[in-house]
Amino acid sequence: MTQREQAPGAAEAGSEDADMARVLLAAGQRPQPPAEMTRAVHAAVREEWRLLVEKRSRQRRWAAFAAAASVAALALALWAAGPLRAAPGPAVASVVRANGATVRVAGIGFRRHAVREGRALHSGDVLATDRGGHMALALADGTSVRIDSDTQAELAAADRIVLSRGALYVDAGSSGGQSRLEIGTPFLSVRHLGTRYEVRILPKQVQVSVRDGRVRVQPATGHALEGDAGERLLISGSGEVERSQVAPYDSQWSWTAQAAPPFEIDGQPLAAYLEWAGHELGRPVVFSSPQARATAEHVLLSGSASGLTVTEALTAVLSTTSLRSRERDGALVIEAAATH
Amino acid sequence: MEPDLTSERQLVRRMLAGDERAFDVFFNAHFARLYRFALPRLGGDVEAAREVAQSALCKAMRKLAGFRGEAALFTWICQICRREIVDYLRANRRHREHLVLIDDRPELRAAIEALEAPEEYDLVRSHGRTEVGRLVQSVLDRLPARYGDALEWKYVEGHSVEEIGQRLGIGFTAAQSLLARARVAFREAIETVFGAEAADIARGLER
């Protein structure tokens with residue numbers, strides 16, 4: 001007879017319990033989902049639950065109103081409440097650039113569809129990018145959201161995106177303080193108080209980098225904190241925060257220029273294009289001379305730069321003019337091209 | 001062994017009322033079990049199991065007001081998850097050749113879900129140790145969540161009653177009492193599902 005391994009805890013149990021302990025030991029430990037996965041799923045399911053609670057709360061308010069109203073008013077109230085019960089979510093964004101990107105449409109299973117420019121997106125849609133893929137969205141309020149490669153995010157509502165993998169970049173642009181967009185992650189959410197920032201999920205932390213303006217970060221537990229322009233915050237699940245500096249032209253932002261919505265150059269002054277390119281590259285435009293500025297303001301562009309990254313397009317556009325660009329002290333310097 | 005349906009209905013009512021703590025109790029009690037439910041049915045694909053479990057839980061949230069407490073909450077979520085698995089397999093051809101698990105055999109599924117004894121036969125001989133070991137784990141997952149965890153911590157990981165109490169946020173006596181109830185529930189469950197006594201099941205698994 002061979003010596004059997006005794007189940008931990010079996011020694012103190014009776015013989016019947018010892019048998020049961022042997023069964024448990026032989027079956028072994030049940031597989032556990034990774035902690036990072038658990039946090040991400042928790043965030044996604046919690047968002048769904050939060051929407052359910054809000055919807056029921058709205059419906060209760062409508063019900064109270066309807067009970068106090070006449071039959072005619074009741075009919076009116078039900079008509080008005082109709083959109084709240086609509087099965088497919090409302091369109092909350094459109095795709096302005098996509099490469100290696102898919103969408104899983106809310107409520108109709110797991111099939112993923114390739115995303116094309118111009119597609120309308122609805123609340124509940126789950127977006128994903130491949131390795132090397134990118135996507136740029138325009139939200140209804142004008143906010144630009146870019147999705148890095150190997151990312152998954154759900155458009156939970158018009159003003160909430162739940163990021164479960166990878167990174168998002170938000171450029172609220174002219175909508176600025178009007179935009180109420182919130183980015184949810186496994187253990188914190190981010191709202192902007194200014195204009196441009198990135199949220200990235202790392203193996204055990206969430207990284208929030210602020211290019212312009214300020215953001216407010218609300219961890220799942222604990223107090224809210226703010227990040228200013230040029231700051232990078234690394235926040236752990238237990239709420240520990242490390243702060244460091246990141247320049248607006250740091251290589252960390254290069255992917256956002258690759259994913260940038262295309263600038264329609266046809267008929268635009270060169271100066272407007274340069275302003276946009278400087279914004280995307282995180283470098284303010286500086287003209288080396290009044291003549292260079294005058295040239296940029298008078299030249300009208302024609303054609304298209306679609307399909308090119310910001311840097312490629314800048315080189316291509318300037319090659320047709322008497323100007324050139326170089327990077328110096330954090331700025332994009334525009335000067336007269338050397339003549340040979 | 002019967003899940004406390006009254007307290008599950010209360011949990012759902014608290015969730016519908018917006019109680020954040022109730023949501024966390026629900027999530028902590030169900031996600032890992034649902035992930036384990038999906039994982040072997042998707043050929044061990046961790047990402048697929050996550051996607052399906054997440055989708056099933058999101059759908060459960062949308063349908064939560066319709067939960068009547070006629071079956072255990074976990075059984076209800078597993079039914080949603082089964083449909084999600086079918087949808088996932090349809091959409092992802094690479095999983096077409098998925099395994100049919102022994103706990104998906106109709107007689108065992110009924111036994112696990114309703115704990116009515118199936119026809120008696122030697123499961124270990126028919127399906128091998130690994131599959132039967134996994135079936136034991138499935139039975140643990142069908143117990144109330146804290147029972148399965150407490151038994152595993154005690155008998156597989158070797159934690160003391162004090163440590164189990166600390167993990168569950170309860171005192172020594174309460175942990176001891178919970179373990180006693182968990183042992184009874186587990187014994188009844190495996191003996192019903194396997195149609196044999198624990199000693200015989202243990203011998204079969206150790207063979």
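The values are calculated or read from the model by the stated rules, or taken from the named source; none is laboratory data. Being a predicted model, the structure only gives us computed values, none of them experimental. Cβ sites come from the backbone with ideal geometry, for glycine too, and all protein chains shown count toward neighbours. Just so you know, the surface numbers come from the protein's heavy atoms only, side chains and all, with ligands and any DNA or RNA stripped out. Shrake-Rupley method; radii C 1.70, N 1.55, O 1.52, S 1.80 Å.
Just so you know, in the range B:135-144 the residues that are under 23 Å from residue B:204 (Cβ atoms) and of a type outside the set (A, V, I, L, M, F, W, C) include one that is farthest from the other protein chains (Cβ to nearest Cβ), and it is B:142. Residues in the range B:43-71 that are within 11 Å of chain A (Cβ to nearest Cβ) and touching a residue at least 24 places away in the same chain (Cβ under 8 Å): B:48, B:51, B:52, B:53, B:55, B:56, B:57, B:59, B:64, B:65.
Yes/no matrix, rows are residues, columns are (1) within 10 Å of chain A (Cβ to nearest Cβ); (2) open to solvent by 20 Å² or more (accessible area, probe 1.4 Å):
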{"position": "B:146", "(1), (2)": "no, yes"}
{"position": "B:154", "(1), (2)": "yes, no"}
{"position": "B:157", "(1), (2)": "yes, yes"}
{"position": "B:161", "(1), (2)": "yes, no"}
{"position": "B:166", "(1), (2)": "no, yes"}
{"position": "B:173", "(1), (2)": "no, yes"}
{"position": "B:176", "(1), (2)": "no, yes"}
{"position": "B:179", "(1), (2)": "yes, no"}
{"position": "B:190", "(1), (2)": "yes, no"}
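In the range B:12-23, of all residues being modelled with pLDDT of 90 or more, facing chain A (nearest Cβ under 9 Å) and part of a helix (DSSP H, G or I), the one that is surrounded by the fewest Cβ atoms within 10 Å (Cβ to Cβ) corresponds to B:16. Residue B:126 fulfils the conditions (1) farther than 22 Å from residue B:76 by Cα; (2) modelled with pLDDT of 80 or more except for a single criterion, (2). For residue B:26, the test of being of a type outside the set (A, V, I, L, M), in contact with a Leu (Cβ under 7 Å, 6 or more places away or on another chain) and either in the same structural domain as residue B:134 (by TED's automatic domain parsing) or open to solvent by less than 20 Å² (accessible area, probe 1.4 Å) (or both) is passed. Among the residues of the range A:309-335, those identified as out of contact with any Lys or Arg (no Cβ under 7 Å at 6 or more places or on another chain), surrounded by fewer than 15 Cβ atoms within 10 Å (Cβ to Cβ) and not hydroxyl-bearing (Ser, Thr, Tyr) are A:312, A:316, A:326, A:328, A:329.
Kindly evaluate residue A:162 against the criterion of being in the same structural domain as residue A:247 (by TED's automatic domain parsing), open to solvent by less than 10 Å² (accessible area, probe 1.4 Å) and either touching a Phe, Trp or Tyr at 6+ places or on another chain (Cβ under 9 Å) or among the basic types (Lys, Arg) (or both).
No: the conditions fail for residue A:162.
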